[in-house]
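Trainee: Take this structure, written in structure tokens, and hold onto it; I'll ask about it next.
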Amino acid sequence: MTTKLGVLLWNQATDWASYEAAAKRVDALGYDYLLAWDHLYAIFGDPYQPIFEGYTTLAAWAKVTTNVRLGLLVGANTFRNPGVVAKMLTTIDHLSGGRAIAGIGGAWHELEHAANGIEFGTGFGQRLDWLEESAAALRTLFAGGTVNSAEGDHYAFDELVLLPAPVQARLPILIGGSGEKKTLRTVARHADMWNAMGSADFLRHKLDVLHAHCDDADRNPAEIELTAGCKPIIRNTVEEATRVWHDQMRRNRTPMEDVADDDTFWVGPPELIAERMAERKALGFHTFLAELAAPYDDETLDRWINEVVPMVDGGK
């Protein structure tokens, strides 16, 4: 299966002109997906640095791009009522001519919740219960159904319908996370796409868990697009790529000791990146979503799609 690529441009430590220019570049190079975070405070390094909001970013990108699919990696479910989220995504779908993706996750950044007075719940387990309710509601609303709440539900829906309908017959739901008891169960029930990060062994185990949940949900796992997250920095040598990485982290006020052990940073020559991708393709991950920090790296953008992908798909 042919490799698909997406790029998440870090929303933090950038100005809008640079952010928009990078988005246009991703689209012009022929990437499949263009993504943004959904955070209110910066999440790498110092939280008190500039960061742009996610959904309004997607709306703006919809009018300056042509082909790339647009979504959040992933939307913080706690920030907004899922009925409002369905309306926002449908609007973005119309703005973009049917290119929206409904990225959603349980949320984790306690500081931004406390600062903004947003309910954080009693713990991650409760937030994942809320995510299950939201994903089920989105699936029904996007399909033209009506949503009502049951006793004990977190959300109080009352004959909720979505008008107009999305442009897409099935607006895809992307869920990020690898929690075995709740997140992967929600993926199996409702998601069209699943994003995960980690080593090949880690992903292999999580896939086994996902398949078990699909069996319980009477769902064919082949219906779910598997996407692997990474943070590539491509240069001719590891040393050169490492210098770029250090410069990016300084720009983002992030000490290297905070990221040195993060195995999602793939830093080195094209052959190294291709090897990591091939390991994951062997597991069934044919889509790769790269996070790029500001200042946005044109060389990596160009070499990943034009140099690395032919290595992976051609088996070189």
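Trainee: List the residues whose amide H sits under 5 Å from the amide H of Leu34, counting only those 5 or more places along or on another chain, with H placed 1.01 Å from N in the peptide plane.
Mentor: Close amide H contacts, sequence-distant or interchain: Val7, Arg69, Leu70, Gly71.
Trainee: Here's a follow-up. How big is D, in µm² s⁻¹, for the stretch 102-142 by Stokes-Einstein at 37 °C and 0.692 mPa s if Rh is the Kirkwood radius over C-alpha pairs?
Mentor: Roughly 295 µm²/s, to the nearest whole number.
Trainee: Do you know the relative contact order of the chain, to the nearest whole percent, from alpha carbon pairs under 8 angstrom that are 6+ apart?
Mentor: 19 percent
Trainee: Tell me the Rg and the Dmax, in Å, that the Cα atoms of the chain produce.
Mentor: Rg, Dmax (Cα atoms, Å): 19.0, 59.
Trainee: Just report the Cα centroid separation between the stretch 194-235 and the stretch 1-47, whole Å.
Mentor: Here the two parts' Cα centres lie 22 Å apart.
Trainee: For Phe288, which sequence-distant residues (separation of 5 or more, or a different chain) have an amide H within less than 5 Å of its own amide H, given hydrogens modelled in the peptide plane?
Mentor: Lys4, Leu5, Gly6, Ala228
Here, each number is a calculation from the coordinates, and none is a lab measurement. A quick note: this is a predicted structure, and the numbers were derived from the prediction, not measured.
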